[in-house]
Amino acid sequence: MEQEKKQGKLEEILVVDDLDNNRFMLRDIIQEMGCRPILAENGVQALKIVERFNPQLIILDVAMPEIDGYEFCKIMKENAETRDIPIIFISAFDSPADIVQGFNLGGEDYITKPFIPEVVKERLKLHLKLRATSRNLMEVNRLLQSTVSGHIQQLELERKNVLYALVRVARENACYDKDHMERICYNCRILAGAMQLSPEYENLISDTYVDTIEIAAPLCDLGNVAIPTDILQKKEMLTHEEIAVIQTHTTIGAKILEDIRGRSDYNDFLKLSIDIARYHHENWDGSGYPCGKKGEEIPLAAQIVSVVSAYCAMTENRVYREPHHIEETLEMMEADAGTKFNPRILGILRKIYRQLH
């Protein structure tokens, strides 16, 4: 309050009373406090004033024509823009029921007539101070929330930087080039966006989900960072033991992500990434690894990445073969519909394959 006075901005107090003597007496009290009084003769006039001035405090008579004080208070408290303005009732009605009714409607105080100017002045000072304190606390809370949000965003950015650094190592271990990861990101976004338009998936895939799967998808092979390079880059047929080692990249990748996630529950990106890393080699018929999940037991994000990563891998050059033509790739994948891949997702991919990279 003092700060506002120093800046030349007086606090405004609205007085609503149909009796001239009361209005003028309250006006004088408010002026003595160094505040600006605004006077209204009835509730209808007061409602128009509130729309223009947004007072810091309202002194409200109960017994008035047209709109009485209780009804006026109810209107104010039902409006989100005015409900926080403190209201002090002044009334000749001094029964406990009248006073309780005023408090039940949201009034902050109730002063009975005839009132004592010194008492009124102290009550007004108290409620102005409480309002200023409340507003200061709200501002502090807003700043705190903003600071916490900024720290969380910075932490998430640092986590993602660490993860993508690990992904680059995993990619190099497996002899994937940068374009491979970028294709997976882009194609997962395109496929998820197309699925969002399908009645089957429109309630499961939001715009946020599409954004998240785009940045989470390349973490599918994060676990390759722990797989021996000589196995990942081997040109000859792998042994059963070597295949078993490679298959552990799913659980290794998920474990790395779980350790980074820690006890945080708010991060959709990491949750989606963990599902993708662990389950993207599960098959629709339950013949995949590491858990043998089947059908809709497999998290949707992992189903999407499974289809996209297979498409990307088959249409890219590998040390042990030339890339397959797109039509040939789609035919081979369709042969695995219902066994390796979710046939509905594969059907959507088939429709939009010309949009893929």
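Here are the numbers for the structure shown:
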{"quantity": "Highest average packing first - 72-79, 324-331, Cβ atoms within 10 Å", "calculated": "72-79, 324-331"}
{"quantity": "Rounded to the nearest 10 Å², the accessible area of Arg135 at probe 1.4 Å", "calculated": "130"}
{"quantity": "³J(HN,Hα), Karplus 6.51/-1.76/1.60, whole Hz, each residue of region 302-311, x for Gly, Pro", "calculated": "5, 4, 5, 5, 4, 5, 5, 5, 5, 4"}
{"quantity": "Surrounding net charge for Asp94, when Lys and Arg each add one and Asp and Glu each subtract one, Cβ distance under 15 Å", "calculated": "-2"}
{"quantity": "For region 121-130, Karplus couplings with θ = phi - 60° (6.51, -1.76, 1.60), whole Hz, Gly/Pro x", "calculated": "4, 5, 5, 5, 4, 4, 6, 5, 5, 5"}
{"quantity": "By average C-beta atoms within 10 angstrom, highest first, the peptides 55-67, 192-204", "calculated": "55-67, 192-204"}
{"quantity": "Inter-probe distance in nm under a simple model that places probes 7 Å from Cα toward Cβ, at Phe53 and Leu137", "calculated": "2.7"}
{"quantity": "Members of Lys77/Lys125; Lys9/Lys74; Lys234/Lys294; Lys255/Lys351; Lys77/Lys129 lying beyond 32 Å, as alpha-carbon distances in this model show", "calculated": "Lys255/Lys351"}
{"quantity": "Förster-model FRET efficiency, 25 Å R0, Ser287 and Met237, C-beta, rounded to 0.05", "calculated": "0.80"}
{"quantity": "FRET efficiency estimate (nearest 0.05) - Cβ-Cβ, Asn79 to Lys9, R0 25 angstrom", "calculated": "0.60"}
{"quantity": "Most mobile listed residue (Ala217, Ala301, Ala97) in the chain, GNM with C-alpha springs under 10 Å", "calculated": "Ala97"}
{"quantity": "Cα centre as origin, Lys/Arg/Asp/Glu Cβ charges: region 1-122 dipole, Debye", "calculated": "360"}
{"quantity": "Helix-only [θ]222 nm of the chain, DSSP H runs n ≥ 4, -39500 (n - 2.57) each, per residue, nearest 500", "calculated": "-18500 deg cm²/dmol"}
{"quantity": "Loop sites in region 237-343: chymotrypsin sites (Phe, Trp or Tyr not before Pro), DSSP, at most 12 other Cβ within 10 Å", "calculated": "Tyr266, Tyr320"}
{"quantity": "Cβ crowding within 10 Å averaged over residues, with 85-93, 121-129 ranked highest first", "calculated": "85-93, 121-129"}
{"quantity": "For Leu39, distant residues with modelled amide H under 5 Å away", "calculated": "Val15"}
{"quantity": "Hz values of 3J(HN,Hα) by residue in region 219-229 - Karplus curve (6.51, -1.76, 1.60), Gly and Pro given as x", "calculated": "7, 4, 9, 4, x, 5, 4, 9, 8, x, 4"}
{"quantity": "Full-extension gain in nm, Glu66 to Asp207, via 0.36 nm per residue minus C-alpha separation", "calculated": "45.6 nm"}
{"quantity": "Share, in percent, of DSSP beta bridges within the chain that are antiparallel, nearest 5", "calculated": "5"}
{"quantity": "Environment charge at Lys340 (Cβ cut-off 10 Å; Lys +1, Arg +1, Asp -1, Glu -1)", "calculated": "-3"}
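The values are calculated or read from the model by the stated rules, or taken from the named source; none is laboratory data. These numbers come from a predicted model, not from an experiment. Methodologically, a virtual Cβ is constructed for each residue, glycine included, from the backbone with ideal geometry; neighbour enumeration extends over all protein chains shown. Side chains are part of the model used for accessible areas, which takes the heavy atoms of the whole protein and leaves out ligands, DNA and RNA. Shrake-Rupley method; radii C 1.70, N 1.55, O 1.52, S 1.80 Å.
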